Amino acid sequence: MDISVIIPLYNEAESLRELSAWIKRVMDDNGFSYEVLFIDDGSTDASWEVIRKLREEDAEHIKGISFRRNYGKSPALNTGFRHAKGDVVITMDADLQDSPDEIPELFRMIKEDGYDLVSGYKQKRYDPLSKTIPTKLFNATARKVSGIKNLHDFNCGLKAYRSIVVKHIEVYGDMHRYIPYLAKLAGFNRIGEKVVQHQARKYGKTKFGLDRFVNGYLDLATLWFTGKFGKKPMHLFGLLGSLMFLLGLIAVIIVGATKLYYMHSGHPYILVTDSPYFYISLVLMLLGAQLFLTGFIGELVVRNSSKRNDYEIEDVIGENIKI
């Protein structure tokens, strides 16, 4: 099969039939073999009924999965990835803001240009400034932290993947915003971008609020930490803890030495416990010890993890070697 189209949705009953017909037209015009997986994320409208009818009308291409309740876009995408069978996997939103006309070129970039992942870039957006300005700041931060300098729109729902990519990443929480970063951490570095058309929303209203930007930065920090120190937490916590403990130790020695100097020279002095620097030094030493122990516990957890030696293998040479 050439293409799997994965469409996560929540309360998008009005747009599903039009989107399905649009995808079918594009696929037929280009002679692709394909499947469309609608992932209903616990919709409370008639979305699942519409998907059932689409399945009855086109059982060869239409498939559907319905969650019992609303879990979020990441679980929906992850479920779709597990069930996708196409050589190339395309994801798009169900609100008609992503154009299926982009599919042929996305497919070509994966198959002919050799990209592992191609992310859409909605260069011209039909969104208010309250959304576009935070989005620009968000994407600038994501580029800096992830090191993927050529992407301008990490959160664009329209993306294309080689099948092997979606089988080797796990999308959880709200990590759908950082799928290119997840792919990079899994060893897929051939990541490209394509300028795509952004269409104004035709039905309903957006399901995402401004809180996604706050949560997005927290998720980015999580990915950065797990990607850099996930298998070696002592390298972060141990280093910070040692530095803090050393600074605290040096400070308390200076406080004690200063008192001894004043006593020896006959100058007036105060008790060590009356000096605020003494307590600052103790706090530094305690925090340093706690950070060091946190890193030590983290190392014990990693050492006992069943996935501690899981590495992404691209290929092997040798008939007796198995992946």
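The values are calculated or read from the model by the stated rules, or taken from the named source; none is laboratory data. The structure presented is a predicted model; accordingly, all values stated were derived computationally and were not measured. When we count neighbours, we look across all protein chains shown, and the Cβ atoms used for this are built from the backbone with ideal geometry, even at glycine. Remember, those area values only see protein heavy atoms, side chains included, never the ligands or the DNA or RNA. Shrake-Rupley method; radii C 1.70, N 1.55, O 1.52, S 1.80 Å.
Quick notes
- Scanning region 136-166 for residues that are open to solvent by less than 20 Å² (accessible area, probe 1.4 Å), part of a helix (DSSP H, G or I) and among the hydroxyl-bearing types (Ser, Thr, Tyr) returns a single hit, 146.
- When residues in region 85-121 are screened for being of a type in the set (A, V, I, L, M, F, W, C), in contact with a helix residue (DSSP H, G or I) (Cβ under 9 Å, 6 or more places away or on another chain) and open to solvent by 10 Å² or more (accessible area, probe 1.4 Å), 1 of them pass.
- Condition check for residue 81: among the aromatic types (Phe, Trp, Tyr), open to solvent by less than 70 Å² (accessible area, probe 1.4 Å), assigned to a loop (DSSP other than H, G, I, E, B) and more than 14 Å from residue 11 (Cα to Cα): no
- Of all residues in region 74-111, those satisfying the criterion of being among the β-branched types (Val, Ile, Thr) and within 22 Å of the chain's Cα centre (by Cα) are 79, 88, 89, 90, 91, 110.
- Region 167-177: number of residues that are assigned to a helix (DSSP H, G or I) and either closer than 14 Å to residue 192 by Cα or open to solvent by less than 60 Å² (accessible area, probe 1.4 Å) (or both): 3
- Being at pLDDT 80 or above and over 17 Å from the mean Cα position of the chain (by Cα) holds for only one residue in 146, 163, and it is 163.
- Test: residue in region 299-319 that is modelled with pLDDT of 75 or more, in a helix (DSSP H, G or I) and open to solvent by less than 90 Å² (accessible area, probe 1.4 Å): yes
- Unmet requirement for residue 292, which otherwise passes all of (1) farther than 29 Å from residue 232 by Cβ; (2) of a type outside the set (Asp, Glu); (3) within 47 Å of the chain's Cα centre (by Cα): (1)
- Total residues in region 188-205, condition modelled with pLDDT under 90, in a loop (DSSP other than H, G, I, E, B) and open to solvent by less than 70 Å² (accessible area, probe 1.4 Å): 5
- Screening region 209-242 for residues that are open to solvent by 90 Å² or more (accessible area, probe 1.4 Å) and assigned to a helix (DSSP H, G or I) and picking the one that is nearest to residue 301 (Cα to Cα) gives 235.
- Subset of region 1-50 [open to solvent by 30 Å² or more (accessible area, probe 1.4 Å), in a loop (DSSP other than H, G, I, E, B), closer than 23 Å to residue 73 by Cα and in contact with a strand residue (DSSP E or B) (Cβ under 9 Å, 6 or more places away or on another chain)]: 10
- Among the residues making up region 51-73, those that are outside any helix (DSSP H, G or I), surrounded by fewer than 18 Cβ atoms within 10 Å (Cβ to Cβ) and of a type in the set (Lys, Arg) are 68, 69.
- Qualifying positions in region 30-86 - aromatic (Phe, Trp, Tyr) and either over 22 Å from residue 107 (Cα atoms) or touching a Leu at 6+ places or on another chain (Cβ under 8 Å) (or both): 38, 48, 67, 71
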